[in-house]
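Structure first, commentary second.
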Amino acid sequence: MEKTVRAHTNIALIKYWGKADAKLRLPLMSSLSMTLDQFYTDTRVVKSDQDRFFLNGSEQTGSSKQRVFDYLHVLQKRLGQTGHLRVESTNHVPTAAGLASSSSAFAALAGAFCAYYKLEVSRKELSRLARLGSGSASRSIYGGFAIWQKGTDDASSYAYALDEKPKLDLQLLAVELNQQPKFLSSTGGMSQAPSSPFFQPWLARNQEELAAMTKAIQDNDFSRLGQLAELNANEMHAINLTAAPGFTYFEPATIAAIKLVQKIRASGIECYYTIDAGPNVKILCQLKNVKEITKQFVSEFENAKIVMQSFGPGISYLD
Ligand code: PMV
């Protein structure tokens, strides 16, 4: 059935940043994320006489088509399916700018693939299939908060819902400082990260960080959640800087945004940041402070686009 499948992006509060198995996309650590309501991808898979990929209405021919079809061919082989496909995707999120476009892209693609071949798969199976396209996509099957347990092999590495309808007052302001695609893919960054002397100690802390974040969510403790998320993101970016060779996704504007969050927080308005594989910054805050924080960001970053988000839903089938 040619169904359009919608998947929302997710932002990791405890990050996945290292692969145990690159081909199967098995991670070195478990991760935990928040699914967003405003950023999502709609994808439809239809019959075709040749493989074609359309993104936001325009046909793709280069590496993005290659990545999509490498993935679809893996799924076809695994699930015993054949035939050429036409993939039509619309991204309601900037592509490849560290705003988690691949999480929604591959979750929607996995869902649309299964719908096209009328494969009945559980959400757990779908999470495993999405993982093969992009690790973070395993978490976009669910709404609210999701955990991707690292597992030990293909069968045991999948995400599950921690809380799909959280009561916590948590807003995320996505500050798009730069819409350019990132200079280094997350796969590239992840392959360099383990050379940092801080990587193994960070890995050793993973279960502890995950448990603390889970508890903060269960306790509806915004402050603790924000502190833990900011620390975890800083750990990831410190690892990048100290890798051999070192690198960073930060741009001057990223540092300026970090300083502004610190300044606003020092003034008594509680907010925290998290940053992924790109220069853009996501601010975690509570509803009552959204206006003031936005005002301060708009006045310092004239050209920044700020999108206010809260919890989004899991994967859905539109027609
Ligand atoms: O799934 P990928 O390859 O897009 O990697 C995601 C990496 C981070 O966004 C930095 C962290 C995460 O867990 O989403």
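From the residues in the range 240-256 that are of a type in the set (A, V, I, L, M, F, W, C) and over 30 Å from residue 303 (Cβ atoms), which one is farthest from the chain's Cα centre (by Cα)? Give the steps one after another, and end with the answer.
Residues of the range 240-256 that are of a type in the set (A, V, I, L, M, F, W, C), as a first pass: 241, 243-244, 247, 250, 253, 255-256.
Next cut, over 30 Å from residue 303 (Cβ atoms) only: 243-244.
Details: 243: 22, 244: 25 Å.
The extreme case among them is 244.
Does residue 21 fit the bill of being more than 12 Å from the ligand (Cβ to nearest atom), of a type in the set (Asp, Glu), free of Cβ contacts under 8 Å to residues at least 60 places away in the same chain and surrounded by fewer than 24 Cβ atoms within 10 Å (Cβ to Cβ)? So residue 21 passes the test. One residue alone among 173, 210, 162 is part of a strand (DSSP E or B), within 16 Å of the ligand (Cβ to nearest atom) and at pLDDT 95 or above, and that residue is 162. Would you say residue 59 is without any contact (Cβ under 8 Å) to a residue 12 or more places away in the chain, surrounded by fewer than 23 Cβ atoms within 10 Å (Cβ to Cβ) and assigned to a strand (DSSP E or B)? Here the answer is yes, as residue 59 does meet what is asked.
Considering each of 49, 42, 70 in turn, give the residue that is closer than 26 Å to residue 314 by Cα, acidic (Asp, Glu) and away from the ligand (no atom under 16 Å from the Cβ). Walk me through it before giving the result.
Values: 49 fails: closer than 26 Å to residue 314 by Cα; 70 fails: away from the ligand (no atom under 16 Å from the Cβ).
Sole residue among the options that is closer than 26 Å to residue 314 by Cα, acidic (Asp, Glu) and away from the ligand (no atom under 16 Å from the Cβ): 42.
If you take the residues of the range 128-156 that are surrounded by 24 or more Cβ atoms within 10 Å (Cβ to Cβ) and part of a loop (DSSP other than H, G, I, E, B), which of them is farthest from the ligand (Cβ to nearest atom)? Here the residue is 142. The number of residues in the range 47-78 being on the phi > 0 side of the Ramachandran plot and either at pLDDT below 95 or in contact with a Cys (Cβ under 6 Å, 6 or more places away or on another chain) (or both) comes to 1.
Looking for whichever is more than 22 Å from the chain's Cα centre (by Cα), within 27 Å of residue 27 (Cα to Cα) and either surrounded by fewer than 20 Cβ atoms within 10 Å (Cβ to Cβ) or not aliphatic (A, V, I, L, M) (or both) here; the options are 200, 227, 262, 218. Which one fits? Even if it seems obvious, please write down each step before you answer.
Numbers: 227 fails: more than 22 Å from the chain's Cα centre (by Cα); 262 fails: within 27 Å of residue 27 (Cα to Cα); 218 fails: more than 22 Å from the chain's Cα centre (by Cα).
The unique qualifying residue is 200.
The values are calculated or read from the model by the stated rules, or taken from the named source; none is laboratory data. All of these numbers come straight from a predicted model, not from anything done at the bench. Backbone-built Cβ (ideal geometry, glycine too); neighbour counts: all protein chains shown.
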